[in-house]
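*Asks:* Pasting in a structure now, in structure tokens, and then I'll have a few things to ask.
The values are calculated or read from the model by the stated rules, or taken from the named source; none is laboratory data. Predicted model, so just to flag it, every value in this text is computed and none were measured. Neighbour counts are summed over all protein chains in view; Cβ atoms, including those assigned to glycine, are modelled from backbone coordinates with ideal geometry. Keep in mind that these areas ignore ligands, DNA and RNA; they rest on the heavy atoms of the full protein, side chains included. Shrake-Rupley method; radii C 1.70, N 1.55, O 1.52, S 1.80 Å.
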Amino acid sequence: MSHTILLVDDEERLADVVTVALEQLGFRVLTARSGAEALKLLDAEGADLVLTDLRMPLMSGQDLLREVKRRQPNLPVVVMTAYSSVKDAVQVIKDGAFDYVSKPFEIDDLEKTLKNALRLSDALADNLRLREELVGRYRFDNLVGASPTFRQVIESITEVCESRANVLITGESGTGKEMVARAIHYNSPRRDQPFVALNCAAIPEALLESELFGHIKGAFTGAVANRIGRFAQADRGTLFLDEIGDMPMAIQAKILRVLQERAFEPIGSAQTRNVDVRIVAATNKDLHNAVHHGQFREDLYYRLNVFPIALPPLRDRREDIPALSMHFLDSLSVGMGKRIRGFSPAALKGMGDYAWPGNIRELQNCVERAVILAKGEVIDESDLPRYLFTAQTVTASGPRYPLDLDAEVARFERDLIVTALNRTDGVQIAAADLLGINERSLWHRIKKYGIQITRRAIGDRPES
């Protein structure tokens with residue numbers, strides 16, 4: 001689709017020549033003989049760029065530029081002038097012009113200037129569109145649920161959005177903690193600034209400090225270039241620290257300092273950088289219990305837990321399952337090019353009876369699978385995974401599960417690792433050799449299973 005250029009020039013012959021040249025380059029051209037006529041055309045038909053002469057009677061090109069920028073700040077304006085001077089150039093740029101061209105000019109030079117301006121304008125428009133989509137995606141009405149427990153969550157988000165307070169979101173895996181964090185950001189005064197997310201459990205301790213604070217070239221082996229950390233990226237915006245309960249104690253102390261002083265130094269640098277960042281943290285662990293057992297800093301806990309939000313598991317908000325299922329169905333069916341109206345009563349009953357240990361994430365995956373398999377306009381029981389109907393039986397005390405193969409394998413693997421660590425007195429490289437795996441794989445498994453290593457005992461979980 002070609003761009004539309006609004007050409008404004010009171011010299012009819014020159015305007016006709018430029019119009020023909022621009023049309024041959026593939027542009028759609030609207031012409032106006034005065035600033036007033038240009039503004040009417042802009043209101044009536046719009047344009048992607050304004051190309052205006054500087055010296056015109058009644059309303060000069062500079063006056064037109066200022067009015068266009070007042071009405072449409074992101075609309076690029078290029079100024080033509082036969083009275084080229086440094087003073088003219090500086091002033092039109094100050095007033096918001098993208099650039100200026102001096103008469104007489106080569107069409108090739110004009111084309112280059114116009115395409116550069118349009119390229120920047122298109123990028124700004126795409127950025128604005130994406131930001132509006134993000135804001136729309138995380139509107140409160142896209143946080144689906146009418147159950148009393150979830151309405152309390154919505155009320156909490158509403159209360160905290162406008163403040164600068166740090167937020168701690170707790171809940172089981174799959175309950176939508178990052179969705180809530182983004183809703184807080186995109187409904188806050190910081191919505192036009194960056195939202196930066198970091199999963200603290202996904203990055204090895206040796207790299208986490210650099211990931212958070214950045215480093216300068218040569219700060220350590222492998223630091224071949226400067227790196228901007230997540231705190232700097234999130235300046236004036238929101239930093240979402242997911243799985244904060246897995247953050248090493250040494251890094252916790254440095255996070256605390258940033259929260260207290262609003263400043264940090266990249267690794268290897270002596271220069272302090274001030275930063276204005278709102279922290280939204282999330283965890284599926286009981287941080288209060290972790291503090292009690294010395295596994296999480298108490299001072300950091302209270303800094304993060306200024307405004308707590310606890311997300312309920314899906315099994316505690318079963319009345320929201322039909323609405324959530326339709327929400328996922330609407331977006332997934334459109335994306336796959338299918339026309340599916342809803343779910344059969346049997347399908348809804350099966351989803352309502354299931355305990356959803358994977359919470360909302362599991363429900364979304366289930367609906368996606370059903371959309372793929374569905375042959376008709378309604379998702380039926382046969383389109384849903386069989387485990388929804390066989391994985392548990394409902395008793396008076398709640399759902400009871402059959403033997404879980406994955407859980408049993410994980411439990412067996414954990415016991416083997418604990419045994420190996422005990423036999424090697426906690427020396428991980430020796431334990432890895434005993435197990436026949438490399439030390440890095442062992443380290444990841446120790447983190448995964450929450451194995452505690454001490455001299456008195458290995459593998460004992462903290463008392464609850």
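*Asks:* Filter segment 236-266 down to the residues that are within 18 Å of the chain's Cα centre (by Cα) and open to solvent by less than 40 Å² (accessible area, probe 1.4 Å), then identify the one that is farthest from Glu205 (Cα to Cα).
*Replies:* Here the residue is Gly237.
*Asks:* Given the criteria crowded, with 17+ Cβ neighbours inside 10 Å and either among the hydroxyl-bearing types (Ser, Thr, Tyr) or more than 23 Å from Asp286 (Cα to Cα) (or both), does Val180 qualify?
*Replies:* Answer is no for this residue.
Listed here are the residues, each with its yes/no results for (1) touching a Ser or Thr at 6+ places or on another chain (Cβ under 8 Å); (2) open to solvent by 60 Å² or more (accessible area, probe 1.4 Å).
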{"site": "Thr283", "(1), (2)": "yes, no"}
{"site": "Leu287", "(1), (2)": "yes, no"}
{"site": "Arg297", "(1), (2)": "no, yes"}
{"site": "Leu304", "(1), (2)": "no, no"}
{"site": "Ala310", "(1), (2)": "yes, yes"}
{"site": "Leu314", "(1), (2)": "yes, no"}
{"site": "Leu324", "(1), (2)": "no, no"}
{"site": "His327", "(1), (2)": "no, yes"}
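*Asks:* While we're looking at this one, here's another question. Give all pairs with beta carbons closer than 8 Å in which a residue from segment 425-446 that is under 19 Å from Pro248 (Cα atoms) meets a residue that is small (Gly, Ala, Ser) and not in a helix (DSSP H, G or I); count only pairs at least 6 apart in sequence or on separate chains.
*Replies:* Taking only residues 6 or more apart or on different chains, not a single pair turns up.
*Asks:* So in segment 389-422, with the set limited to residues that are part of a helix (DSSP H, G or I), modelled with pLDDT under 75 and of a type in the set (Asp, Glu), which one is farthest from Ile340 (Cα to Cα)?
*Replies:* Glu408
*Asks:* Quick one: count up the residues across segment 138-194 that are modelled with pLDDT under 90, basic (Lys, Arg) and under 21 Å from Asp276 (Cα atoms).
*Replies:* 1
*Asks:* Can you tell which of Glu265, Glu211, Glu298, Glu205 is of a type in the set (D, E, K, R) and within 28 Å of Asn187 (Cβ to Cβ)?
*Replies:* Details: Glu265 fails: within 28 Å of Asn187 (Cβ to Cβ); Glu298 fails: within 28 Å of Asn187 (Cβ to Cβ); Glu205 fails: within 28 Å of Asn187 (Cβ to Cβ).
None of the other options fit; the residue is Glu211.
*Asks:* Go over the candidates Ala89, Ala97, Ala125 one by one and state the one that is in contact with a strand residue (DSSP E or B) (Cβ under 6 Å, 6 or more places away or on another chain), modelled with pLDDT under 80 and of a type in the set (A, V, I, L, M, F, W, C).
*Replies:* Within the list Ala89, Ala97, Ala125, the selection yields Ala89.
*Asks:* Taking segment 41-86 only, how many residues are open to solvent by 30 Å² or more (accessible area, probe 1.4 Å), modelled with pLDDT of 90 or more and β-branched (Val, Ile, Thr)?
*Replies:* 0
*Asks:* For segment 347-374, what are the residues that are in contact (Cβ under 8 Å) with a residue 40 or more places away in the chain, open to solvent by less than 10 Å² (accessible area, probe 1.4 Å) and touching a Ser or Thr at 6+ places or on another chain (Cβ under 8 Å)?
*Replies:* Within segment 347-374, Asn359, Leu363, Val367, Val371 meet the criteria.
*Asks:* If I ask for residues that are on the phi > 0 side of the Ramachandran plot and buried (at least 18 other Cβ atoms within 10 Å of the Cβ), which ones from segment 205-232 would you list?
*Replies:* Correct list: Gly214 only.
*Asks:* Also, I was wondering about something else. Could you list, in sequence order, the residues of segment 11-23 that are open to solvent by 60 Å² or more (accessible area, probe 1.4 Å) and at pLDDT 90 or above?
*Replies:* Those that are open to solvent by 60 Å² or more (accessible area, probe 1.4 Å) and at pLDDT 90 or above: Asp16, Val17, Val20, Glu23.
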